[in-house]
């Protein structure tokens, strides 16, 4: 689709999944800063909204797993959420914080719940960040609602239903049908396989490219798998090991 410049990049898109932190401080300003310091131009994050409508960069729907706090994010006010510390040390950032700290950083944003739609749209609008984001969600309805509410186009990746239809059509060599399933999206972001069924194959990559869509694969942390996927011709890799992916791309003269 390519209606924005989000994916304009002179090489493989290396994306730091929830930033980069060997200490487990995922989705923290420290983790995003570490990725930027390595030279990453793309990061991936997730968003939820607090009870009072603050859009926060956080994966889980509760605080319990990665912070010293407890409770469901969408039921807690920002005044409570901001006191919780990731790994006991790092604050939970607002999406606004990322936009303000790194004006040139491109952010792949997974909207985790419908309650975050309005706050996500508001944050993008406040910063006029339409060219800097790729809107993602497992829910096609959530993703489409975000895009519809924005005042300008933004890049987007396929949701779960679209991906399932595309994979079935591409593996059946139904090229026209596969292309139809990806109308309105810029990329698919998928694991290498699901339930032992390969998803990222030469056939699916070829079908996606025929539909003018990129193929990004998550979450890849082993150099051997990174090499194998790059040999297949994927367009991007999401990783928790931003250091390793950079090393692989440098070795291949594909770091940009």
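The values are calculated or read from the model by the stated rules, or taken from the named source; none is laboratory data. Here the structure is a predicted model, which means the values were calculated and not measured. All Cβ positions, even for glycine, are placed from backbone atoms using ideal geometry, and neighbour counts span all protein chains on display.
Here's the yes/no breakdown for (1) more than 16 Å from the chain's Cα centre (by Cα); (2) on the phi > 0 side of the Ramachandran plot; (3) surrounded by 19 or more Cβ atoms within 10 Å (Cβ to Cβ):
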position: 19; (1), (2), (3): no, yes, yes
position: 53; (1), (2), (3): yes, yes, no
position: 56; (1), (2), (3): no, no, yes
position: 60; (1), (2), (3): no, no, no
position: 77; (1), (2), (3): yes, no, no
position: 84; (1), (2), (3): yes, no, yes
position: 92; (1), (2), (3): yes, no, yes
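In the condition set (1) buried (at least 22 other Cβ atoms within 10 Å of the Cβ); (2) farther than 15 Å from residue 106 by Cβ; (3) free of Cβ contacts under 8 Å to residues at least 60 places away in the same chain; (4) within 13 Å of the chain's Cα centre (by Cα), residue 66 is compliant with all but (4). Here residue 45 fulfils each of the conditions (1) closer than 30 Å to residue 249 by Cα; (2) in a helix (DSSP H, G or I); (3) touching a strand residue (DSSP E or B) at 6+ places or on another chain (Cβ under 9 Å) apart from (2).
Filtered by the rule that a residue be in contact with a helix residue (DSSP H, G or I) (Cβ under 7 Å, 6 or more places away or on another chain) and surrounded by fewer than 21 Cβ atoms within 10 Å (Cβ to Cβ), the range 193-204 gives 199, 202, 203. Which count do you get for residues in the range 118-130 that are farther than 17 Å from residue 44 by Cβ and either in contact (Cβ under 8 Å) with a residue 60 or more places away in the chain or not in a helix (DSSP H, G or I) (or both)? Result for the range 118-130: 6. If you go through the range 98-128 and keep only what is surrounded by fewer than 16 Cβ atoms within 10 Å (Cβ to Cβ) and either within 17 Å of residue 59 (Cβ to Cβ) or at pLDDT below 95 (or both), you end up with just 114.
Any chance the range 154-165 includes a residue that's touching a strand residue (DSSP E or B) at 6+ places or on another chain (Cβ under 8 Å) and surrounded by fewer than 18 Cβ atoms within 10 Å (Cβ to Cβ)? No, because not a single residue in the range 154-165 is touching a strand residue (DSSP E or B) at 6+ places or on another chain (Cβ under 8 Å) and surrounded by fewer than 18 Cβ atoms within 10 Å (Cβ to Cβ). Can you find a residue that is over 25 Å from residue 45 (Cα atoms) and either surrounded by fewer than 21 Cβ atoms within 10 Å (Cβ to Cβ) or touching a helix residue (DSSP H, G or I) at 6+ places or on another chain (Cβ under 8 Å) (or both) anywhere in the range 240-250? Checking the range 240-250: not a single residue is over 25 Å from residue 45 (Cα atoms) and either surrounded by fewer than 21 Cβ atoms within 10 Å (Cβ to Cβ) or touching a helix residue (DSSP H, G or I) at 6+ places or on another chain (Cβ under 8 Å) (or both).
Out of the residues in the range 146-155 meeting the condition of being free of Cβ contacts under 8 Å to residues at least 40 places away in the same chain and under 17 Å from the mean Cα position of the chain (by Cα), tell me which one is farthest from residue 59 (Cα to Cα). Taking the candidates together, the pick is 147. The set of residues from the range 1-31 being over 24 Å from residue 229 (Cβ atoms) and outside any loop (DSSP other than H, G, I, E, B) comprises 29, 30.
Assess whether residue 38 counts as being under 24 Å from residue 235 (Cβ atoms), surrounded by fewer than 24 Cβ atoms within 10 Å (Cβ to Cβ), at pLDDT 95 or above and under 20 Å from the mean Cα position of the chain (by Cα).
It is true that residue 38 is under 24 Å from residue 235 (Cβ atoms), surrounded by fewer than 24 Cβ atoms within 10 Å (Cβ to Cβ), at pLDDT 95 or above and under 20 Å from the mean Cα position of the chain (by Cα).
Taking (1) in contact with a helix residue (DSSP H, G or I) (Cβ under 8 Å, 6 or more places away or on another chain); (2) in a loop (DSSP other than H, G, I, E, B) in turn, residue 35 satisfies each apart from (2).
Here's the yes/no breakdown for (1) under 12 Å from residue 116 (Cβ atoms); (2) in a loop (DSSP other than H, G, I, E, B); (3) in contact with a helix residue (DSSP H, G or I) (Cβ under 7 Å, 6 or more places away or on another chain):
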site: 52; (1), (2), (3): no, yes, yes
site: 60; (1), (2), (3): no, yes, no
site: 64; (1), (2), (3): no, yes, no
site: 69; (1), (2), (3): no, yes, no
site: 74; (1), (2), (3): yes, no, yes
site: 79; (1), (2), (3): no, no, no
site: 83; (1), (2), (3): no, yes, no
